[in-house]
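Worksheet: one structure, shown below.
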Amino acid sequence: MQPLNNLQIAIKCTAGVFYFATQYSLHILFDENGNSDQTKFLQMWKSLEDVPTGPLTVRQLRFTSMETMRNKLNMNNVFTVAQRVVDAVTHFYTSSKMADGSMFYSEIKVANDFQFANIVTKSTAAHLVPLYQKAISDICTAF
């Protein structure tokens, strides 16, 4: 079965037709209208089932401040619903929406030294959670 984020391309020119495929990060499909308020986030978080894949740990984050991280996530349509600090770990609560209307709700726990983050996600499209978490990982580790 082809991955959902597989892009197949054909180029026709005088030398012939060339076919190739590449995978893209799911975040390019995130909609700019994916922001939720805290009430909606909590309501959805409680109503959605846990995803069997569990949390994803991301290492070597490319940030120097929590504000920089929040801004980079927001620029990629991963919106911060709330943020709090507990025992030197910052918790980001985020929401995202794909173009088809699928919603994603995440808790991202970030160590204050930016060495790692743990991402837990719930979604109305549970089958996309691994791709979603990979997209968040890509955003957090890209230069």
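The values are calculated or read from the model by the stated rules, or taken from the named source; none is laboratory data. Computed from a prediction, not measured in an experiment: that's the story for all the values here. So basically every Cβ, Gly included, is an ideal-geometry build from the backbone, and we count neighbours across all protein chains shown. To get the accessible areas, we keep the full protein, side chains included, count just its heavy atoms, and leave off ligands, DNA and RNA. Shrake-Rupley method; radii C 1.70, N 1.55, O 1.52, S 1.80 Å.
Residues in the range 2-42 that are among the aromatic types (Phe, Trp, Tyr) and over 17 Å from the mean Cα position of the chain (by Cα): 18, 19, 20. Pairing residues of the range 99-123 that are basic (Lys, Arg) with residues that are in a loop (DSSP other than H, G, I, E, B), at Cβ distances under 6 Å and at least 6 apart in sequence or on separate chains, gives 122/48.
Look at residue 94 and say whether it is touching a Phe, Trp or Tyr at 6+ places or on another chain (Cβ under 7 Å), open to solvent by 30 Å² or more (accessible area, probe 1.4 Å), within 26 Å of residue 46 (Cβ to Cβ) and polar (S, T, N, Q). Walk me through how you get there before you give the answer.
Values: touching a Phe, Trp or Tyr at 6+ places or on another chain (Cβ under 7 Å): yes; open to solvent by 30 Å² or more (accessible area, probe 1.4 Å): no; within 26 Å of residue 46 (Cβ to Cβ): yes; polar (S, T, N, Q): yes.
Answer is no for this residue.
Within the range 30-56, residues that are open to solvent by less than 100 Å² (accessible area, probe 1.4 Å) sit with their Cβ atoms under 8 Å from residues that are of a type in the set (Lys, Arg) and part of a strand (DSSP E or B), at 6+ positions apart or across chains, in these pairs: 30/97; 31/97; 34/97; 44/122; 45/122; 48/122; 51/122. Within the range 73-84, the set of residues being open to solvent by 40 Å² or more (accessible area, probe 1.4 Å) and within 14 Å of residue 30 (Cβ to Cβ) comprises 74, 75. If only residues of the range 97-143 that are open to solvent by less than 60 Å² (accessible area, probe 1.4 Å) and of a type in the set (Asp, Glu) are counted, the one that is nearest to residue 62 (Cα to Cα) is 138.
Within the range 60-81, can you find the residues that are in contact (Cβ under 8 Å) with a residue 12 or more places away in the chain and over 15 Å from the mean Cα position of the chain (by Cα)?
Restricting attention to the range 60-81, the residues satisfying the condition of being in contact (Cβ under 8 Å) with a residue 12 or more places away in the chain are 60-64, 66, 69-70, 72-73, 76-81.
Answer for the range 60-81, where residues must be in contact (Cβ under 8 Å) with a residue 12 or more places away in the chain and over 15 Å from the mean Cα position of the chain (by Cα): 60, 62, 63, 64, 66.
Residue count for the range 102-143, restricted to those that are under 13 Å from the mean Cα position of the chain (by Cα) and not small (Gly, Ala, Ser): 22. Evaluated against (1) within 14 Å of the chain's Cα centre (by Cα); (2) farther than 17 Å from residue 132 by Cβ; (3) among the charged types (D, E, K, R), residue 84 falls short on exactly one condition, (1). Evaluating residue 18 against the criteria (1) in contact (Cβ under 8 Å) with a residue 60 or more places away in the chain; (2) farther than 18 Å from residue 132 by Cβ leaves one unmet condition, (1).
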